[in-house]
Amino acid sequence: MSAASDSAPDAASGAGFSAASHPYRWVVLAGVWLAYFSFGLTTVTLAPLVGVVGADLGLGHARMGTVLGAWQLVYIASALPCGMLLDRAGPRWALFMALVAIAGSNLLRGVATGHLSLFLAVAVFGLGGPLVSIGAPKLTSLWFEGRERGFAMGVYITGLAFGNMAAFSLTNSLLMPALGGDWRAVLWADGGLVLATGLVWLAITAHPVYRAVEARPAGGTGESQVQAFVRLLRVPAVRWVLLMSIGIFFFNHGLDNWLPEILVSRGMDAARAGFWSTVPTAIGVSAALILPRLATPSRRLPILGALYLAAAGATLLLHGAEGMMLAGGLILQGVARGAMMAVAMLILIEIPDVGPRRAGMAGGLFFSAAEVGGVLGPVSVGLIADVAGGFTIPLAVLTGVCVALLAMMAPLGRALR
């Protein structure tokens, strides 16, 4: 009996044990999916409530734009330290603390009394968000290999899409009526759900197989964190991917956070705008599952370029009134948002100087850079909409960002070769 029980940990930690072939990898992926669902829910939880929260707290488009960009501002500073923490300490407790911080952000939003308190409550999300978005590719690099790694990244990104979809479709149609029109109670309910997800993650990662994989030596090169950081930044392909990440997040966050208001400006009521806002997330689910898996090394750049074209097409078609033109824009937006980040991350972590050993730090660099765009996107769209009196010019700015992303494809290709 003792010999049998002693052999179980050895089997998990011995040289013959492969995390990439163990069935428990799918349970771990389910836990990552739940964490990303909570992330996605919270990134846009205020978007369907912009009108009612702004009216209640006396905030216009420009000030609400600064609120929507608050967490990305904190994220920029915290992403790289979070990546280093994940490389050093492992993802189990890091992701749990991330979910606690995200839940706390939702709960604090529900007690906000003005611009500053709401800004600070949203900013708290920036302390937890990086640990989820960096921890997810770190975990997939530990538990999956080859084409299955791309599929796993696509799967967990659907958690982001479903979280967005839940916020857009259920907030005004179900939660607000059920909770007496109290936007504060809606945010508290979201916070409770995220906290429950954190407890589920702890339960999943208590399994001996998970603990054995996380306890394995990382196989580092002996270089310091500062040396690894400098080494990564010296790689031209890494720098181009980081620059692209700014544009990707400018597009995603700028359009995602203001989409319900853009649709309201096209004549929809809040509930219908919320449902139409789920079209990109629904399309994005399929794109996230299919395109990263198809993005083998020889196909990655063409697929990424096609996604940038789809994003540009979306910004042009969203100028249209309700109908086929608008629906086409939402579909193209969904294709682009569903896979751009995953394909870019695949390119980054499989650059020879990155790999699983530096996936956490590389992810930290990616999201530190990306959230510059994540801040500028919603803030710029809100500010320009206030000045211009509508969303025509902000959509044109987003088109320009997509054109800039397309222009970066050629130098990235040369750097990868």
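The values are calculated or read from the model by the stated rules, or taken from the named source; none is laboratory data. This structure is a prediction, so every number in the text was calculated from the model and none was measured. Quick reminder, even Gly has a Cβ in these numbers, built from the backbone with ideal geometry, and neighbours come from all protein chains shown. Surface areas here come from the heavy atoms of the whole protein model, side chains and all, with no ligands, DNA or RNA. Shrake-Rupley method; radii C 1.70, N 1.55, O 1.52, S 1.80 Å.
Counting residues in the range 291-302 that are touching a Ser or Thr at 6+ places or on another chain (Cβ under 8 Å) and modelled with pLDDT under 85 gives zero. Here the condition is being without any contact (Cβ under 8 Å) to a residue 60 or more places away in the chain and either aromatic (Phe, Trp, Tyr) or part of a helix (DSSP H, G or I) (or both); of VAL285, VAL343, it holds for VAL343 alone. The residues of the range 295-311 that are of a type outside the set (D, E, K, R), open to solvent by 20 Å² or more (accessible area, probe 1.4 Å) and free of Cβ contacts under 8 Å to residues at least 40 places away in the same chain, listed by number, are SER298, PRO302, ALA306. In the set (1) in contact with a helix residue (DSSP H, G or I) (Cβ under 8 Å, 6 or more places away or on another chain); (2) at pLDDT below 90; (3) within 28 Å of GLU148 (Cβ to Cβ), LEU326 fails one condition alone, (3).
Could you say which residue among ALA270, ALA282, ALA314 is surrounded by fewer than 23 Cβ atoms within 10 Å (Cβ to Cβ) and more than 30 Å from LYS138 (Cα to Cα)? Residue meeting the stated conditions: ALA270. Based on this model, can you work out whether ARG147 counts as in a helix (DSSP H, G or I), open to solvent by 50 Å² or more (accessible area, probe 1.4 Å) and in contact with a helix residue (DSSP H, G or I) (Cβ under 8 Å, 6 or more places away or on another chain)? So ARG147 passes the test. Among the residues of the range 48-61, is there at least one that is closer than 22 Å to LEU160 by Cβ and of a type outside the set (A, V, I, L, M)? Within the range 48-61 (the criterion being closer than 22 Å to LEU160 by Cβ and of a type outside the set (A, V, I, L, M)), the answer is yes, since at least one residue qualifies. In the set (1) open to solvent by less than 50 Å² (accessible area, probe 1.4 Å); (2) over 29 Å from ALA342 (Cβ atoms), LEU116 fails one condition alone, (1). Contact map, the range 397-417: first residue more than 18 Å from VAL235 (Cβ to Cβ), second residue open to solvent by less than 30 Å² (accessible area, probe 1.4 Å) and not in a helix (DSSP H, G or I), Cβ cut-off under 9 Å, separation 6 or more or different chains; pairs are LEU398/LEU318. Can you name every residue in the range 151-179 that is open to solvent by less than 50 Å² (accessible area, probe 1.4 Å), at pLDDT 85 or above, of a type in the set (A, V, I, L, M, F, W, C) and closer than 27 Å to LEU291 by Cβ? Within the range 151-179, ALA152, VAL155, ALA166, ALA167 qualify. A single member of LEU376, LEU412 is modelled with pLDDT of 85 or more and either in contact with a His (Cβ under 9 Å, 6 or more places away or on another chain) or open to solvent by 20 Å² or more (accessible area, probe 1.4 Å) (or both), and it is LEU376.
Of the residues making up the range 51-76, those that are free of Cβ contacts under 8 Å to residues at least 24 places away in the same chain and either open to solvent by 10 Å² or more (accessible area, probe 1.4 Å) or within 25 Å of VAL200 (Cα to Cα) (or both) number 1. Selection within the range 258-280: residues that are hydrophobic (A, V, I, L, M, F, W, C) and farther than 23 Å from THR66 by Cα. The member of this set that is nearest to the chain's Cα centre (by Cα) is VAL279.
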